[in-house]
Each structure stands twice: as structure tokens, then as C-alpha cells.
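Engineer: What follows is a structure written as C-alpha cells; I'll ask about it next.
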Amino acid sequence: MSSNNELPLPLRGSEFADEYIAHLHTTVIGDEAGIATMQFEMQHSEELSVVYSVLTAMIDSKRRGVDAKLIIDGRYVDTMTRIGNRDYPDILPLTSKSARRERRESQLRTAGWLQTLDGYGMLIRDAPSKPVRGYVPRLRQIGSIHLAQQLSTRHMKAAYVARTRGDVTAWLGSANFTDSDLTEPDGAMAAGMHNLLVRVHGQAAAFVMRSVSGGFGGTSGLHVFPGSEDVLFVHDIGNAGEPARLPRILSEALLAIDPLSDPVITNPFENPVKQPRSIVLLSQYPPDGLLYRALEHADRVYGADVHTPLEPVSDYRETAFPYNILNARYQRRKRAARISSPHRTEPSHSKILIVTYDDTSAKVILGSDNFTTHLQKAVRNEELAVVIPIKAKDASTSSYFRNLVTLLSMQSEISDPLRDRLLADVPGC
């Protein structure tokens, strides 16, 4: 068993599936296990489906007396169907005969499994908490478009195994419980995306478990847990408190990009404010709003090298409406900046921000948040992320940073020159 003091271990989506099945095989009566996901879809036949392998392991554990659960955003799963790597509203007409057939087959397989899991008492249909106005004047709530929270989703992607003896292991990241999320792209199949998750233990894992299973309740707009090594876990609900409040994950991203924006500078005599050297934003979508302005500021004021790799040229998030409109707007907007936005060679679903600093430290934010801000006021999804500081001249965290950056390079998320630049910014890597 890994130490509770270890930094969150990064894993690919396919590696998570193998690990989770292995953990399920060792569960005993009284243990708890669960997967929380926005989207659930069994896209392939049983012999090809990773989801099928995980589901059968979960059912086997349930039969042994394990409290096994699949927690889904019921509204999203009931109204959206995954075709390839993309979710389509069920009411949307499709012109392609093959796409209509694929949607129907996936709907039937998924509906059958939902019914099976419900029969075992393993299915939990959840939804984001409703907006709570509290003492905030109604005009101010309407002014922040907070009523559109009705359109939000439980965007978290996580899993956990809790032993009766007290050990808890959890995983959080960007992968939904679908075959396309848990399958690496290989060019041979239409479904497959890169995802990144991290594995945690102990109190941090217990925090993840309670966040996704409703153990903290739904009235607070934010839960945070300071883990070991100064790691911070953030559970953004976004349904309560000040309607115009920025989500904490976005606030952490802005603070990582521009440390001078911290409202409190602690002991500036001994701790001068560090400046960003390299910034890498990995997301499904190009940055916008406050986040884009922060990236542009880092480029213009600090001279930071800013990189926002985009999806492959042929990916639907580049070519299909409305994503093509967002991408075209982003390309026009950044022409005046030196932001590098190469197209990746393989589709990705990862959501990661990496910033290196002039004092040879770095910061990594990883989780379910896409880092987009154009809808943050209107629709605040429920998100889960982890903030990982990489300390200056620290051998253990530098080694961790090297392994993470190397993994992203192996996944074609970043180029080899960018990998080398990031590693050069953090000596000891």
C-alpha cells in the first residue's frame, strides 16, 4: 500500500481502469467502492468494452457484500449519447445512417446496464445542487445569470475504494465512465481520447470520496482539503453564496498564472513574488474570458512562454458547431500575442494547467475543470481538482514533475521541445 504522504500519482485512463479492477478484486464484505461520472456509456460490445470489464468487477464485488455504487448525472446520461468521442443530445437529428445506428446501439446497451445496476441497488442518479439565493438581492442574482444554473452538470470524474479497516484509495481526473474516455487513441477506432487521472490515499482520498458521494452536503459553494506536501484538493459546487463569485479552481488557475494577483503577499522581505516562465494549458477548448486575459498578461508583462495546444485539426472540437466558432474567435484574438497553439496529433480530454517560475518552482492543477470562463457566471458545473506545488530545488517534487511532464509527452499532449523547456525550468528534473 502506498504512503498517504505521496504526491498524487498520475495515470492514463486505461491504467486507471486496470488499477480499479485490481482493487475491486481484493474488496471484502463491508468495503465501499464507487465511480462518480457525468457521462456513462457502454459504446462497444462486451469483448471490446473497457466499461464492461469494470462493471462486471463492480457487480462481482457487490455480490460479495461490498457497497458498490455508480453515481451518475442522471439528467445528462438520460438525454445525451456518446458517438465516437462526442456527446450528442438525443433530440438532435443525425444525417448519418451509421451515426444513427451507433447511437441506437449504445443507447440500448447503456439502458440495459442502467437497469441491471438499478436492480442490484448500485445506481445513484444525482444532479448539481439547486441555486440558493440566500440573502443576496434577487436583482443581483438575476444580474449574474445565476438562474441558468439549472443547465449545469455534475462534471466530476472520480472513483474510490474504502476498506473496512480504514484505508481509502481514490482517483480523480478528467475521464468519464465511457469506452472512449478509458481507451487510448490508436487511429484504428473512432472512439479514444487521452485522459489523465491521479491516485490518492488516506485523508485526501476520503475527501474525494465524500465530495462525489454527497457526504459533505450541498449547501456550501466550496470544499477544500489541504493535503500533505501542501497539495490542495478543491471541490467546487458553485450553487451557493455570492452569485458572482469565481469558482475556486479558476481562482487557483489565475493565481498560478500571476502570483502577484494574490491579495496577500506573505513576508515580502524574504519571499519575493515569483514570476511565470513557462505556462502550458491543456484543455478541450481554447481559453477565454479572465483566463485568456491572464495568459496574455503573462506573455506581455512577464515575458512568459505560453502554450495552449489545441485538438487535432480533424477533431470535432475544431470543426463542429459551436466549437469552430469559439476556436476561430480565439485564433483571431491571440494574433497580437505570442501564445503558441499547435494542434495536437491525437484527441485529448485532459484538463491540466502547468506553470513554471523564475525561482525554479512550479505548480500543476489537474482535474475535471476545462478552465473555460465564458459560461462560469451562467452555468457553474460541480468540479473536482487538485493543486500540486513543485518546490524549488526539492529532489522528490522535481522527480514527480519530470515523470508527469514525460507522461504528457508520451501521450503527445506536448511536443518534445516543450517537454525539454519545462524540465529545464525546474532543475533536478
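The values are calculated or read from the model by the stated rules, or taken from the named source; none is laboratory data. Everything numeric in this text was worked out from a predicted model, so none of it was measured. Glycine gets a Cβ as well: all are built from the backbone with ideal geometry, and neighbour counts include every protein chain shown. Protein only, heavy atoms only, side chains kept; ligands, DNA and RNA dropped before computing areas. Shrake-Rupley method; radii C 1.70, N 1.55, O 1.52, S 1.80 Å.
Engineer: Could you tally the net charge around ARG103, taking each other residue with its Cβ under 15 Å from the Cβ of ARG103, Lys/Arg +1 and Asp/Glu -1? Let's see the in-between values first.
Structural biologist: On the way: positive: ARG82, ARG86, LYS97, ARG100, ARG101, ARG104, ARG109; negative: GLU41, ASP78, ASP87, ASP90, GLU102, GLU105, ASP179.
Here the count lands on 0.
Engineer: Now for a separate question. Cross-link partners among lysines for LYS334, C-alpha distance below 22 Å, same-chain residues fewer than 8 apart left out?
Structural biologist: Cross-link targets: LYS351.
Engineer: Expressed as a whole percentage, what fraction of the accessible surface of the chain belongs to carbon and sulfur atoms when a 1.4 Å probe is rolled over the protein heavy atoms? Mind showing how you got there, number by number?
Structural biologist: Numbers: 9860 of 18090 Å².
With neighbouring chains kept in place, the figure for the chain is 54 percent.
Engineer: Sticking with this structure for a sec: Which far-off residues, 5 or more places away or on another chain, put their amide H under 5 Å from the one on ALA68, with H placed in the peptide plane?
Structural biologist: Close amide H contacts, sequence-distant or interchain: ALA33.
Engineer: Okay, moving on. Just the Cα atoms of the stretch 317-375, one point each, no solvent: what log10 I(q)/I(0) does Debye give at q = 0.18, 0.24, 0.25 Å⁻¹?
Structural biologist: Relative scattering, expressed as log10 I(q)/I(0), comes to -0.92, -1.31, -1.32.
Engineer: Quick one: helix 289-302 against the long Cα principal axis of the chain, what's the angle to the nearest 10°, folded into 0 to 90?
Structural biologist: Roughly 30 degrees, rounded to the nearest 10.
Engineer: Now for a different question. I need the semi-axes of the equivalent ellipsoid of the stretch 157-200: take the C-alpha gyration tensor, multiply each eigenvalue by 5, square-root it, list largest first in whole angstrom.
Structural biologist: Working from the Cα gyration tensor, I get semi-axes of 28, 9, 7 Å.
Engineer: For the residue pair SER340 and LYS97, what label-to-label distance in nm results when each label sits 7 Å from Cα along the Cα-to-beta-carbon direction?
Structural biologist: 4.7
Engineer: What whole-number volume per residue, in cubic angstrom, does the convex hull of the C-alpha atoms of the stretch 1-58 give? Please report the intermediate quantities before stating the final value.
Structural biologist: On the way: hull volume 6.8 nm³, N = 58.
Value for the stretch 1-58: 117 Å³ per residue.
Engineer: Evaluate the charge dipole of the stretch 249-315 about its Cα centre and quote only its size in Debye, nearest 20, assuming +1 on the Cβ of each Lys and Arg and -1 on the Cβ of each Asp and Glu.
Structural biologist: Details: 4 positive and 10 negative charges, 40 e Å.
Using Cβ point charges on Lys, Arg, Asp and Glu, the stretch 249-315 gives about 180 debye.
Engineer: Please list, ordered by chain and number, the residues whose modelled amide H lies under 5 Å from the amide H of ALA36; skip anything fewer than 5 residues away on the same chain.
Structural biologist: ILE71, ALA158, ALA159
Engineer: Past the 22 Å Cα-Cα mark, which pairs from LYS274/LYS391; LYS363/LYS393; LYS157/LYS274; LYS274/LYS393? Can you show the working numbers first?
Structural biologist: On the way: LYS274/LYS391 12 Å; LYS363/LYS393 14 Å; LYS157/LYS274 32 Å; LYS274/LYS393 15 Å.
Among LYS274/LYS391; LYS363/LYS393; LYS157/LYS274; LYS274/LYS393, the Cα-Cα distance tops 22 Å for LYS157/LYS274.
Engineer: Still on this structure: How large is the accessible surface per residue of the chain, computed with a 1.4 Å probe and reported in Å² as a whole number? Each step should come with its number before you reach the end.
Structural biologist: Numbers: 18090 Å² over 429 residues.
Spelled out: the 1.4 Å probe surface of the chain, per residue, equals 42 Å².
Engineer: Can you give me the C-alpha center-to-center distance between the stretch 398-424 and the stretch 40-93, rounded to a whole angstrom?
Structural biologist: 32
Engineer: Express in % the proportion of alpha carbon pairs of the stretch 20-172 at distances exceeding 24 Å.
Structural biologist: Numbers: 5162 of 11628 pairs.
The answer is 44 percent, as a whole percent.
Engineer: Then there is this: With θ set to phi - 60°, apply the Karplus curve 6.51 cos²θ - 1.76 cosθ + 1.60 along the stretch 109-125 and write out the HN-Hα couplings as whole Hz, x wherever there is a Gly or Pro.
Structural biologist: Values per residue, Gly and Pro as x: 4, 5, 4, x, 6, 4, 5, 5, 5, 5, x, 7, x, 9, 9, 10, 8 Hz.
Engineer: Let me ask something else about it. For the stretch 230-311, just run the numbers: alpha carbon Rg, then divide by 2.2 N^0.38 Å, N being how many residues it has.
Structural biologist: Details: Rg = 14.3 Å, N = 82, 2.2 N^0.38 = 11.7 Å.
The reported ratio for this selection is 1.22.
Engineer: Which ³J(HN,Hα) values, rounded to whole Hz and listed in residue order, are derived for the stretch 197-214 from phi using the Karplus coefficients 6.51, -1.76 and 1.60 in 6.51 cos²θ - 1.76 cosθ + 1.60 with θ = phi - 60°, glycine and proline given as x?
Structural biologist: Running phi through 6.51 cos²θ - 1.76 cosθ + 1.60 with θ = phi - 60° gives 10, 10, 9, 10, 10, x, 4, 4, 5, 5, 5, 4, 4, 5, 5, 8, 9, x Hz.
Engineer: Please compute the Cα-Cα pair-distance distribution of the stretch 187-338 with 5 Å bins starting at 0, giving whole percents from short to long.
Structural biologist: For the stretch 187-338, the binned pair fractions read 2, 7, 12, 14, 16, 17, 16, 11, 4, 1, 0, 0 percent.
Engineer: Give me a comma-separated list of calculated 3J(HN,Hα) values for the stretch 13-21, in order, Karplus coefficients 6.51, -1.76, 1.60 applied at θ = phi - 60°, integers in Hz, x for any Gly or Pro.
Structural biologist: My calculation for the stretch 13-21 gives x, 5, 5, 4, 4, 5, 5, 5, 4 Hz in order.
Engineer: Can you give the convex hull volume per residue for the Cα atoms of the stretch 330-429, as a whole number of Å³? Don't jump to the answer; show the numbers that get you there.
Structural biologist: On the way: hull volume 13.1 nm³, N = 100.
Spelled out: Cα convex hull of the stretch 330-429, divided by residues, is 131 Å³.
Engineer: Something else about it: Bin width 10 Å, origin at 0, all Cα-Cα pairs of the stretch 294-349: what percent of pairs per bin?
Structural biologist: Calculated over all Cα pairs of the stretch 294-349, the distribution is 24, 47, 26, 3 percent.
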